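Participant: The structure's right below; bear with me while I get my questions together.
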Amino acid sequence: GQNIDQPTEMTATEGAIVQINCTYQTSGFNGLFWYQQHAGEAPTFLSYNVLDGLEEKGRFSSFLSRSKGYSYLLLKELQMKDSASYLCAVRDIDSGYALNFGKGTSLLVTP
Amino acid sequence: EAQVTQNPRYLITVTGKKLTVTCSQNMNHEYMSWYRQDPGLGLRQIYYSMNVEVTDKGDVPEGYKVSRKEKRNFPLILESPSPNQTSLYFCASSGQSSSYEQYFGPGTRLTVT
């Protein structure tokens with residue numbers, strides 16, 4: 001099985017930078033995903049990491065360290081619409097294409 | 001437009017009355033999955049299917065059934081719903097590569113009284 005931990009809640013100011021951390025334990029790591037989910041809506045894909053390092057996509061970046069079982073999602077130039085839940089999900093070789101999700105981090109962006 | 005659709009979007013029902021939530025995808029994806037999402041518990045996988053006629057249990061399969069007779073459809077069946085199955089349900093699909101993300105349907109909010 002897997003154990004995926006993320007902070008429950010975070011607050012940040014519009015225009016600032018925020019880093020959301022995710023730690024995981026898995027026997028056969030095969031990729032890490034970040035999703036964004038607005039309240040009552042479906043999760044939408046943000047980023048994918050399978051090798052160590054930083055993946056950048058516009059205002060969003062995601063980092064992975066497999067040896068530490070650690071990832072973070074970095075959001076720059078925060079906007080009010082970034083207020084949402086951010087879900088870390090890990091794919092394991094033993095579970096095929098299934099994704100195991102953390103409980104999510106609820107981010108509130110304030111003016 | 002590539003999408004995953006679910007029906008109904010909202011459903012209020014009573015204990016014991018069988019119901020089916022449909023899920024359909026138009027992306028020719030092999031892999032499909034059902035999740036439930038509850039406050040404080042996150043997304044938990046109910047059942048998944050690697051391809052037609054191939055289904056397997058996820059983390060919380062009790063009280064649910066699925067079938068995969070066609071590639072595009074993956075209905076979720078609650079034979080005898082109970083109040084603890086009140087939840088937000090999501091269907092998802094993806095291609096068969098470990099780098100492929102899952103695409104989620106819009107969700108079905110189910111209330112069992």
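Participant: Report, by residue number, each residue of segment A:29-71 that is more than 11 Å from chain B (Cβ to nearest Cβ), open to solvent by less than 50 Å² (accessible area, probe 1.4 Å) and without any contact (Cβ under 8 Å) to a residue 40 or more places away in the chain.
Facilitator: A:GLY53, A:PHE60, A:SER61, A:SER62, A:LEU64, A:SER65
Participant: Okay, moving on. Under the condition of being open to solvent by less than 20 Å² (accessible area, probe 1.4 Å) and more than 19 Å from A:THR26 (Cα to Cα), which residue from segment A:74-99 is nearest to the other protein chains (Cβ to nearest Cβ)?
Facilitator: My answer is A:TYR86.
Participant: Ok, one more. Residues that are at pLDDT 95 or above and out of contact with any Asp or Glu (no Cβ under 9 Å at 6 or more places or on another chain): find the strands (runs of 3 or more DSSP E) completely inside segment B:5-113 holding 2 or more of those.
Facilitator: Filter on segment B:5-113 gives B:10-13, B:19-25, B:31-38, B:76-78, B:87-94, B:108-112.
Participant: Give me the pairs: first residue in segment B:1-22 and in contact (Cβ under 8 Å) with a residue 60 or more places away in the chain, second residue of a type in the set (Asp, Glu), beta-carbon distance under 6 Å, and six or more apart or on different chains, which are they?
Facilitator: B:LYS18/B:GLU79
Participant: Would you confirm, using the coordinates I've provided, whether A:GLY15 is open to solvent by 40 Å² or more (accessible area, probe 1.4 Å), of a type outside the set (Lys, Arg) and either on the phi > 0 side of the Ramachandran plot or not in a loop (DSSP other than H, G, I, E, B) (or both)?
Facilitator: Yes: the conditions hold for A:GLY15.
Participant: Given the condition open to solvent by 10 Å² or more (accessible area, probe 1.4 Å), of a type in the set (D, E, K, R), within 13 Å of another protein chain (Cβ to nearest Cβ) and free of Cβ contacts under 8 Å to residues at least 12 places away in the same chain, answer yes or no: does some residue in segment B:62-79 qualify?
Facilitator: No, segment B:62-79 contains no residue that is open to solvent by 10 Å² or more (accessible area, probe 1.4 Å), of a type in the set (D, E, K, R), within 13 Å of another protein chain (Cβ to nearest Cβ) and free of Cβ contacts under 8 Å to residues at least 12 places away in the same chain.
Yes or no, residue by residue, for (1) more than 21 Å from A:GLN36 (Cα to Cα); (2) under 12 Å from the mean Cα position of the chain (by Cα):
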residue: B:VAL4; (1), (2): no, yes
residue: B:ASN7; (1), (2): yes, yes
residue: B:LEU11; (1), (2): yes, no
residue: B:LYS18; (1), (2): yes, no
residue: B:ASP38; (1), (2): no, no
residue: B:ARG44; (1), (2): no, yes
residue: B:GLU53; (1), (2): yes, no
residue: B:GLU70; (1), (2): yes, no
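Participant: Also, I was wondering about something else. Name the single residue that is nearest to B:ASN51 (Cα to Cα) among those in segment B:11-20 being open to solvent by 60 Å² or more (accessible area, probe 1.4 Å) and of a type in the set (Val, Ile, Thr).
Facilitator: If we take residues in segment B:11-20 being open to solvent by 60 Å² or more (accessible area, probe 1.4 Å) and of a type in the set (Val, Ile, Thr), then B:THR20 is nearest to B:ASN51 (Cα to Cα).
Participant: How many residues, within segment B:80-99, are open to solvent by less than 40 Å² (accessible area, probe 1.4 Å) and either touching a residue at least 24 places away in the same chain (Cβ under 8 Å) or not small (Gly, Ala, Ser) (or both)?
Facilitator: Looking only at that region, the number is 12.
Participant: Is there a residue in segment B:21-38 that is open to solvent by 40 Å² or more (accessible area, probe 1.4 Å), within 11 Å of another protein chain (Cβ to nearest Cβ) and either within 20 Å of A:ASP92 (Cα to Cα) or aliphatic (A, V, I, L, M) (or both)?
Facilitator: Among the residues of segment B:21-38, at least one is open to solvent by 40 Å² or more (accessible area, probe 1.4 Å), within 11 Å of another protein chain (Cβ to nearest Cβ) and either within 20 Å of A:ASP92 (Cα to Cα) or aliphatic (A, V, I, L, M) (or both), which makes the answer yes.
Participant: Something else about it: I'd like the residue in segment A:100-111 that is touching a helix residue (DSSP H, G or I) at 6+ places or on another chain (Cβ under 8 Å) and crowded, with 20+ Cβ neighbours inside 10 Å and, out of all such residues, is farthest from B:GLU30 (Cα to Cα).
Facilitator: A:VAL109
The values are calculated or read from the model by the stated rules, or taken from the named source; none is laboratory data. All values derive from a computational prediction rather than experimental measurement. Here the Cβ is made from the backbone with ideal geometry for all residues, glycine too, and neighbour counts use every protein chain on show. Heavy atoms of the whole protein, side chains included, go into the accessibility calculation; ligands, DNA and RNA do not. Shrake-Rupley method; radii C 1.70, N 1.55, O 1.52, S 1.80 Å.
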